[in-house]
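The values are calculated or read from the model by the stated rules, or taken from the named source; none is laboratory data. Just so we're clear, the structure is a prediction, and the values are computed from it rather than from any experiment. Glycine also receives a Cβ, built like all others from the backbone with ideal geometry; neighbour counts cover every protein chain displayed. Note: accessible area is taken over every heavy atom of the protein model, side chains too, but ligands, DNA and RNA are not part of it. Shrake-Rupley method; radii C 1.70, N 1.55, O 1.52, S 1.80 Å.
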Amino acid sequence: MPRKGENIYKRKDGRWEGRYIRDRVNGKAKYGYVFAHSYKEVKIKLTNAKALLASNTSAVPVIASELLICSFSRASDEWIQANKSQWKESSTVKYINILNNHLLPEFGQRNITDISRTDIQDYISRLLISGGRNNTGLAPKTVNSIISVMKNVFEHATETKGCTLVNFKGLAVKQSQKQMRILTQSEQNILTGYLLEKSSDTGIGILLSLYTGLRVGEVCALKWEDISFRDKCIHVKKTMQRIQVKGNLDHKSEIIISTPKSECSVRDVPIPDKLMLMLQKRQNAPNTYFLTGKTNLYVEPRTMQNRFKSTIKKAGIPPANFHALRHTFATRCIEFGFDIKSLSEILGHASVNITLNRYVHPSMELKQKNMNMLSDLLAVK
């Protein structure tokens, strides 16, 4: 860590950190910290912090003086450091990006005890109206993610410092239910026929997701050793994603292969018999990637997304993203009478409610079929 001046360091995230002795317990120094985006700023903060500490009387508890100089920047850093060992790498990157891009520019230098509920409400309104790079406003889902991180920072500060801060209850933004893209049975038949005729590596990957519900990252990370021909199932143990990388001049992001998004996503997925026969004909060495048949060559999710969009365009199917295959799989399963519990486990959901509320969308054909059950009541005697 680069160092300049008395107990002032430049951190890996680009910010400057100043350290000073806040207290001594049994002869051991207890440190306080200040943060800023430049050496000059942190030098001033460090001087002020020391002066503030010196002006406090011995009757003031240490925790109180700590709170007086605890900025949101420091509180957020303490939250990250305390929890990152428990998070997936991708989650840590996501939270740091939210802090750097949104929360720290707005609240970073403010004392956490000075941030009010009204401040946060006004901030939410500005994010919705004029947030984002183009100042056109952010989506409610994005705003909720930002406020969720802020809430977690405050809760951690409350727990570790014993202070009472803002109550975030009721601050979430209401989100309208987004219409999910699902392939109709006709579109699914067209796509299946097109893929069977072309018989490509991309095609088999699309079919696998369409008939097992695997996510794009799970398909990309899949190796032939994860497919059990004896048990006729796929052992889903890994997922692939691209994350941002700080401090790398050559690459802004990199591919990582890790465990799936939750414990429930580590699962065994049965394979339909006809699809199993197709896989047997293409079977490759155990340690090779499913989509390439190579040990050191894979297809990343972004590439697979683009290939899928190109494929459905050639097949004459209206636009959709790769995740529509998962929605379609879940919907077809419901239409064919799957029990919800089995489907929930196949999809890797933590509860049946997630399966019902998020992924299962009855088609108009099924609704019409159900409504026609009432026709008998209209029969003339």
- Query: More than 36 Å apart: what percent of Cα pairs in the chain qualify?
  - Reply: 42
- Taking a ≥ b ≥ c as the square roots of the eigenvalues of the Cα gyration tensor, with a/c under 1.5 meaning rounded and otherwise prolate when a/b exceeds b/c and oblate if not, the stretch 213-294 is prolate
- Modelled label-to-label distance, Asn372 and Glu41, 7 Å Cα→beta-carbon offset: nm? 6.7
- Item | Per residue accessible area of the chain, 1.4 Å probe, in Å² | 58
- Query: Principal axis lengths of the stretch 172-211 from Cα atoms, whole Å, largest first?
  - Reply: 47, 21, 13
- Hey, which aspartates and glutamates would be in cross-link range of Lys161, C-alpha to C-alpha under 12 Å, not counting anything within fewer than 8 residues on its own chain? Glu66, Glu78
- Task: Taking every pair of Cα atoms in the stretch 64-127, average 1/r, invert it to obtain the Kirkwood radius, and report Rg/Rh to two decimals.
- Result: 1.01
- Query: Reachable aspartates and glutamates from Lys43, Cα under 14 Å, same-chain residues fewer than 8 places away excluded?
  - Reply: Glu6, Glu17
- Message: Please report the projected area of the stretch 235-349's Cα convex hull averaged over all directions, in nm².
- Response: 9.8
- Projected onto the charge dipole of the chain (unit charges on the beta-carbon of Lys, Arg, Asp and Glu, signs +1, +1, -1, -1), the Cα from Gly14, Leu291, Val236 with the largest positive-side position is that of Gly14
- Hydrodynamic radius by Kirkwood for the stretch 314-376, inverse mean 1/r across distinct Cα pairs, in Å, is 13.1
- Item | Mean residue ellipticity (222 nm) of the chain, computed from DSSP H runs ≥ 4 via -39,500 (n - 2.57), nearest 500 | -13500 deg cm²/dmol
- Message: Quick check: at a probe of 1.4 Å, how many percent of the accessible area of the stretch 184-318 sits on carbon and sulfur atoms?
- Response: 48
- Message: Give me the dipole magnitude in Debye, nearest 20, for the chain about the Cα centre, with unit charges on the beta carbon: positive for Lys and Arg, negative for Asp and Glu.
- Response: 780
- Note on the structure: Rounded to the nearest 10, the angle in degrees between the Cα long axis of helix 72-83 and the longest principal axis of the Cα atoms of the chain comes to 60
- How large is the Kirkwood hydrodynamic radius of the stretch 113-239, in angstrom, based on all distinct alpha carbon pairs? 19.3
- Percent of Cα-Cα pairs per 10 Å bin, from 0 to the last occupied bin, for the stretch 179-249, please list those. 16, 38, 31, 11, 4
- Message: Checking the cross-link filter: which lysines have an alpha carbon closer than 23 Å to that of Lys232, excluding same-chain neighbours under 8 positions apart?
- Response: Lys223, Lys274, Lys281, Lys294, Lys341
- Item | Cβ-based charge dipole, the chain, positive-most Cα from Leu138, Ser209, Thr164 | Leu138
- Specify the angular offset, from 0 to 90 degrees and rounded to the nearest 10, of the alpha carbon long axis of helix 39-55 from the longest principal axis of the alpha carbons in the chain. 60
- Item | Whole-Hz couplings from phi, Karplus 6.51/-1.76/1.60, listed for the stretch 139-145; x for Gly and Pro | 5, x, 4, 5, 4, 4, 5
